[in-house]
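The values are calculated or read from the model by the stated rules, or taken from the named source; none is laboratory data. In this text the structure is predicted, and so the values were computed from the model without any measurement. Methodologically, a virtual Cβ is constructed for each residue, glycine included, from the backbone with ideal geometry; neighbour enumeration extends over all protein chains shown.
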Ligand code: GDP
């Protein structure tokens, strides 16, 4: 059984919590794309954790946590996360890293910063963790697989070739000093050595595990609208956060995929730049931001205030269907308990016409939201453990959203804690 948890929207949908809940019932948890640029918030009996690269199975000692070949592996960031969670009393997690994974190099992070500085106000809202330069190099075939770093001669030769290219840009475009090949070589060979006991053929491991009937969880980062092909390009990330990329980035067969769980919030939130049709501003936004999530809507990695808005059913239907979702997990439903009325965006208006299919970015930039207003339930639903015990108006809101997004909602989350999770029958 292979379950995949992915985001239906812009990221930050609450995947971390849902993953933590489902990880408990898994033997293996795999990260298949992205890097340390986004974060999951997990709250459990050990405390509150922001995980960036570490798979969410890290809190369960019987689970194997795998970093798949599709990930941008920042070794320092992974080691720091590992040390942090162990220092806070979590028993050492089991980890395996694909020998094909590519490694984030110090110059990727530098180039990300230099490019954002160069673009100034036209920047794409990068988290400056090196993701775009990393994936750029990967597809230019000048990336560094960890297995190549272990071959010292090969690594040095590849690094010198990279420096020949990068130095031209550093000097001419950014006015910065050349790469220090010796320093990078020493730093990265030492870091790669530290994780060597974890590195191996994860695909072979997974084939065997699946044959034995093990339960696998693929853990996505960000969401559909950040996909470079299907998202709000160029305000996207540089690797695919789609379940369709899961088998590639994890190293399993697409035939093994069983459940695809798309996570979405009961309202919308978005970090970074790009069109966000249902965005709220002023006091209305401030109130929702303050009440959202477990401690307000602020990014897990960047701590930037998240942009917030009403539930966008056009974007979420597209997001869930593009993921191929077999079910939806609706999070943060408790947050809306303060409202008398709730708006849901059920169509966009573009040049005087109504559209219900999510459009390409230049059109989206000009779309206005068309809202349907539904009554609120005006009560605190935290602490309720059975779906049928939710207020009627609250269940009606969930039914309304379910009808709009055309995928069954199976999991409903009414608080940030693991146990604040209900199954909608
Ligand atoms: P992820 O990247 O998709 O894992 O999302 P994040 O963890 O970055 O953001 C989701 C936020 O919502 C975090 O602050 C979570 O603790 C919080 N959260 C998740 N589910 C719920 C919920 O049902 N209710 C509330 N109030 N907060 C939630």
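The single condition among (1) closer than 26 Å to residue 2 by Cα; (2) more than 21 Å from the chain's Cα centre (by Cα) that residue 115 does not satisfy is (1).
Take the residues in segment 227-248 that are touching a strand residue (DSSP E or B) at 6+ places or on another chain (Cβ under 8 Å) and part of a helix (DSSP H, G or I); name whichever of them is surrounded by the most Cβ atoms within 10 Å (Cβ to Cβ). If we take residues in segment 227-248 being touching a strand residue (DSSP E or B) at 6+ places or on another chain (Cβ under 8 Å) and part of a helix (DSSP H, G or I), then 246 is surrounded by the most Cβ atoms within 10 Å (Cβ to Cβ).
Considering segment 16-31, the residues that are within 11 Å of the ligand (Cβ to nearest atom) and in contact with a helix residue (DSSP H, G or I) (Cβ under 7 Å, 6 or more places away or on another chain) include one that is nearest to residue 129 (Cα to Cα), namely 16. Taken together, 330, 336 contain a single residue that is closer than 20 Å to residue 260 by Cα and touching a helix residue (DSSP H, G or I) at 6+ places or on another chain (Cβ under 9 Å), which is 330. Out of 359, 416, one residue alone is at pLDDT 95 or above and assigned to a loop (DSSP other than H, G, I, E, B). It is 359. What do you reckon, is residue 186 away from the ligand (no atom under 16 Å from the Cβ), outside any helix (DSSP H, G or I) and either farther than 30 Å from residue 306 by Cβ or touching a strand residue (DSSP E or B) at 6+ places or on another chain (Cβ under 6 Å) (or both)? The answer is no for residue 186. Residue 277 meets the conditions (1) within 20 Å of the chain's Cα centre (by Cα); (2) within 25 Å of residue 119 (Cβ to Cβ); (3) touching a residue at least 60 places away in the same chain (Cβ under 8 Å); (4) away from the ligand (no atom under 13 Å from the Cβ) in every case but one. The failed one is (1).
Condition check ((1) at negative phi; (2) not assigned by TED's automatic domain parsing to the domain that holds residue 31) across all residues:
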{"position": "64", "(1), (2)": "yes, no"}
{"position": "76", "(1), (2)": "yes, no"}
{"position": "85", "(1), (2)": "yes, no"}
{"position": "110", "(1), (2)": "yes, yes"}
{"position": "125", "(1), (2)": "no, yes"}
{"position": "135", "(1), (2)": "yes, yes"}
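Restricting segment 385-411 to residues that are more than 22 Å from the chain's Cα centre (by Cα) and not in a helix (DSSP H, G or I), the residue that is nearest to residue 342 (Cα to Cα) is 391.
With respect to residue 300, is the statement that it is surrounded by 18 or more Cβ atoms within 10 Å (Cβ to Cβ), at pLDDT 95 or above and not in a helix (DSSP H, G or I) true? So residue 300 does not fit the description; no.
Among the residues of segment 250-274, write down those that are within 19 Å of residue 37 (Cα to Cα) and more than 14 Å from the chain's Cα centre (by Cα). Passing the criteria: 250, 273, 274.
Among the residues of segment 32-54, those identified as within 10 Å of the chain's Cα centre (by Cα) and within 12 Å of the ligand (Cβ to nearest atom) are 34, 37, 38, 39, 40, 52. For the residues 107, 139, the requirement of being buried (at least 19 other Cβ atoms within 10 Å of the Cβ), within 25 Å of the chain's Cα centre (by Cα) and modelled with pLDDT of 95 or more singles out 107.
Taking the criterion of being modelled with pLDDT under 95 and either more than 26 Å from residue 64 (Cβ to Cβ) or over 12 Å from the mean Cα position of the chain (by Cα) (or both), the only residue of segment 214-234 that qualifies is 234. Any idea how many residues of segment 374-419 are within 11 Å of the ligand (Cβ to nearest atom) and in contact with a strand residue (DSSP E or B) (Cβ under 6 Å, 6 or more places away or on another chain)? Here the count works out to 6.
Okay, residues lined up against (1) in a strand (DSSP E or B); (2) at pLDDT below 90:
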site: 17; (1), (2): no, yes
site: 21; (1), (2): no, yes
site: 30; (1), (2): yes, no
site: 33; (1), (2): no, no
site: 37; (1), (2): no, yes
site: 49; (1), (2): yes, yes
site: 57; (1), (2): no, no
site: 66; (1), (2): yes, no
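For segment 325-348, the criterion of being farther than 16 Å from residue 12 by Cβ, surrounded by fewer than 18 Cβ atoms within 10 Å (Cβ to Cβ) and under 23 Å from the mean Cα position of the chain (by Cα) is met by at least one residue. When residue 116 is tested against the conditions (1) surrounded by 17 or more Cβ atoms within 10 Å (Cβ to Cβ); (2) in contact with a helix residue (DSSP H, G or I) (Cβ under 9 Å, 6 or more places away or on another chain); (3) over 19 Å from residue 186 (Cβ atoms), the lone failure is (2). Annotation: residue 295 fulfils all but one of (1) within 16 Å of the chain's Cα centre (by Cα); (2) within 16 Å of the ligand (Cβ to nearest atom); (3) not in a helix (DSSP H, G or I); the unmet one is (1).
Screening residue 41 with (1) crowded, with 24+ Cβ neighbours inside 10 Å; (2) closer than 30 Å to residue 312 by Cα; (3) in contact with a helix residue (DSSP H, G or I) (Cβ under 6 Å, 6 or more places away or on another chain) gives one miss only, at (1).
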